[in-house]
Every structure is written in structure tokens, then in C-alpha cells.
1. Would you mind telling me the share, in percent, of accessible area of region 361-449 contributed by carbon and sulfur at probe 1.4 angstrom?
2. When ligands, DNA and RNA are left out and all protein chains stay put, how many square angstrom of accessible area per residue does region 361-449 have with a 1.4 Å probe?
3. For 40, 5, 292, 152, what's the largest-to-smallest order of accessible area, 1.4 Å probe?
4. Say each of residue 42 and residue 201 gets a label point 7 Å from the Cα, pointing the same way as Cα to Cβ; how far apart are those two points in nm?
5. Under a point-charge model restricted to the Cβ atoms of Lys and Arg (+1) and Asp and Glu (-1), what is the dipole moment magnitude of region 124-169 relative to its Cα centre, in debye to the nearest 20?
6. If you roll a 1.4 Å probe over the heavy atoms of the protein chains, what accessible area per residue do you get for region 3-126, in Å²?
7. Need one number: nm distance between label points at residue 208 and residue 469, each 7 Å from Cα along Cα→Cβ, rounded to one decimal.
8. May I ask you to give the average projected area over all directions of the convex hull of the Cα atoms of region 34-125, in nm² rounded to one decimal?
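The values are calculated or read from the model by the stated rules, or taken from the named source; none is laboratory data. Note that the structure is a prediction, hence the values are computed from the model and not measured. Positions of Cβ are generated from backbone atoms using ideal geometry, with glycine treated the same way; all protein chains shown enter the neighbour counts. Keep in mind that these areas ignore ligands, DNA and RNA; they rest on the heavy atoms of the full protein, side chains included. Shrake-Rupley method; radii C 1.70, N 1.55, O 1.52, S 1.80 Å.
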Amino acid sequence: MLSMIRWNAFTKDTLQRAFAVADSQMEAAKERERQKNRDIMFRLIDITLYLAKQALAFRGNEEGLSSSNRGNFLNMVDLLGQYDSVLGLHLDAVKEKQASNQRCQVSLLSNRTQNNLIKALSLYVKRIIQKEVTEASQFSILLDETTDVSHIEQVSFAVRYVHNMTIKERFVQLQRLSDTRWSCREDALKTIKKVLPAALQYLRDLRECDPPPDLAAGEAKMLLSSIDFEFLLCLEIATPVFMETSVASKVLQQDDLDLDAAYSVLDGVLERVVELRRDNQFSQIYNTATTIAEENDISIPTNIPGRQRKVPAKLKYTSKSAREDDAVQTLEEYYRGRTYYTFLDRLRQELERRFYGEGKTLDIVMSLQRLTDPEQWKDTGQGVDTAHSLCEFYGLQGEETNLQTELRVFHASYKCPKRTVKSMLEVFKENNANVIFPTLFKLIKIYATLPVSTAAVERSFSKLKLVKSRLRNQCGPERLSDLLLLAIEKDIGIDKKEVLKIFVEMAPNRRLLL
């Protein structure tokens, strides 16, 4: 009986060990399969991310094995497979199945897999942005609209916030020539001035061509008739003015720009516009336009355009008036009052309307701007109205005295390299000063969060033209948004393991071991 008991125990233990070994071997095989699949997926994630960041197309017109151009995604997979054993072995297995007309269970190369990888990467980037916005607690929304190549209106959303003491503007979810894009017009004006003699000669050659090529002669004649002395004069007037305003335009395109720096530049531009409104400035412009007209055989008018009427002496204006044309004596005076001064006055009014505004908004912006000025907080009695206005507007009632004290101590203790919000945030970060000056830090974060322009969303439109082009115009709205996000927010680091986790969560019943 003892022998039988021992024999049964022995056989049971042997079977258990055998089963344990088999289970262990099976789990090891599964883990090897899982790791192989993960290695393949990591490479496919890298390929997807590269194509998306470069705004390149993924698919080709014909993706079969016999096609010479199967699209960027499959061609890049084939290219890397020549040098990478992981991808190479996977491709060999897929091609072997396809050659024998056997369906490969999971090739990981289908258009559905490509779209899922794009979506997974996009979701990962959105989660990073969402996490940063949540930690920032305050954010602004920027938006603008444009029409894409398919004549579909697209609205682009971006958010602006302060994260780790750094001002960030991030594209979130999709251009007409914006009113602030002066630099584009400056480039166009300079180009016209540069090529004007050659353009005139070309148009004249077309006009005199016999027989004329199609309708080119008529169009050339029409264009030549529009390039008259007034055209040259307006060109000479607009070019130096837009050269001044383009400085502001380039500054406004910076995503970390704060209102204080923006207003400093705008103040300088307005000052230059006022300086340009002088008689001697226009005389130089008029003489230049006259010289160019003579060099290019463009007639200069001898009479003042339009009908003239006599104006009573009491209604006559000085040469500084924008309506000086009512009492002109010469052609130069006519254009100086009717064109030059009117143009500058309207430009100044529009700059003031767009960037300075009026009422409560202007008061709050100006109050926030004073936070960065040490001269405003030297004495105890200074800044009372500013502190009260800000604390009342942002729901910090009862913090007026604390705010004034924090501002005096902050500016007395730290010397910011520049009088900007960005510089103050750097001081806060270096000295952990947000713990010492909590009320001031709240308001500085709010000030830095206020958007100066819609440059971030305008930049997305340039990517839109690359992602959705004439030859690539069938992209759906969701896929288009995902591709734009990856193409724009290139600086966000990608954790491929987290992306793969999102990919698995998108289809938990997928037969592939990941």
C-alpha cells in the first residue's frame, strides 16, 4: 500500500511538472510572439510619425505587389525591411502568404492599420496637451477659418496657456490673407518694384505681337492701362509703410509673445507712421515715382484728376490735413492730401482700433501691462487703482493690499532682464517665486495666457495646404485633423509604448498579440 501511495504521488508530481513545463513553454512562445509583434509595431509607429510630421501622403493609387509605386507608407516599409531583420522577416511571411493566395491573418500594413496608427498618435498628442492645459488651469482659445483646396470651410482651433513657466500655443482640432499679415504684402510690393521694368517690357511685347497669342494681347493691353502714374505713386507710398508694419507682423507671429512686448513694438510702429506723415517725406516719394515713370515711358498727368471747385477761405485746411485736396494748387499737393495723408491716417486709425480698443477691456489690459513695470510699484501709494481694478475683475476681492505688497517686494528683490511677462516667468521659475508671491503669480499667468494674435492658427493653414493638396483632396475631416496635429506639434515627444497601448485599446478584440 505504501508503494502504491508513493507511485501515485510520483506520477502526479511528474505530470504536474510536465504540465508546468508545457505551460511555461507556451507562455514563453506567446511572449516571444508578443515581443516580435511589438517590435514590428514600434517600427510602423516610427514610419507613421515620420510621414505625418513631414506632411507626406501615405497611400498610393495601386498598392498591389506588382505596383511600382505602392505609396510612401508601404514603400518605406519595404525599404527598411531590406536593412532591418524584424521588418524583413515579417514582410517575407506576408509576401509568402500573398503569393500562395493564402490570406495572412494580420499583415499590419492595411489602410485600416495606417489610419488606426495615425489616430493613436493623435490621441497621445492630444492627451499630452490636455494634461498641460489642466495643469495650467487657465487657457485662451484662438480660432480662425479658411477654405481648403476642396472649397470647404475649415476652422482651426488652438489653445494658449502657461506650462512650467513657459508660454505655449498648441494646435488642437483645423487661409484668407489676414488683416495682420503685412509681411506678405510687403514682400509682394518689393517684388513688383523689382520686376516692374521687365514686366512692362513683356506686356508691351505681348500687346504688339502679330498675330497675338490667343487673348494675351488684349489682357496685356488692359494691364498696361492700369499701370499708370497713380499706380507707381501708390506703389512708392505703400512700400515703405508696409516695411514698417511688417516688423510688427513678424513679432506678432511669435507663439510666446506677450502683450507688453507686442504693445512696445506697436507703439514704435505708430510713432513711425506719424513721422512718415510729413511734407518732405512725400516729396521724396513723389520725386521717385516721377523718375520711375519717366524711365519706363509712363505719362505723368498735367492736370489734377477730377473736377475742381472753389472752396471758401474759412474751410481751407493746412497741408497737414487729410482733406487737403479741396484747396490744392499743384498735382503733388493733390496727391499728398488725397492719397498719402488719407492712407496714413486710415492706417493709424485701424492700428489703434485693432490693438488698443476702448472701454473696460483696454483698462484691464493696461493694468496687466503695469504689473511688469517696476516704476509703477516703488512707493506704498502707487498702483492702488491698478490693484483694485485687477482684483475686482478677476475675482480676487480682498487681495488688493497683498498684490501691492507682493509687487513692491518682487520688483525690489529681482531684476528682470526685460520688462516682459516672459522675463518675469523666467524669474519665477528660477527662484520658485510662485510660492512667495501667489497673487502676483496668478495675474502674471493670466496676462501671459491672453492671446496677442492668431498666429498659431494661421500657421496651421500653411500645413493644411500640404496635407490636403490638389492631388490629395479626399482626406476625411477626422483624419485630416489628426494629420495636421502631428504635422504641427512636432516638438511633443512620443512614447511609443503609450501609443501602442492606445492602439490596443482602440480594438481590444484584435487577434494580434500585443
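1. Whole-percent figure for carbon plus sulfur exposure: 50.
2. Details: 4460 Å² over 89 residues.
Counting only protein heavy atoms, the per-residue value for region 361-449 is 50 Å².
3. Working: 40 0, 5 110, 292 40, 152 80 Å².
Of 40, 5, 292, 152, the descending order of accessible area is 5, 152, 292, 40.
4. Simple spin-label model gives 6.3 nm for this pair.
5. On the way: 5 positive and 7 negative charges, 70 e Å.
It works out to roughly 340 debye.
6. 63 Å²
7. The modelled label-to-label distance comes out at 4.1 nm.
8. Working: hull surface 25.2 nm².
That works out to 6.3 nm².
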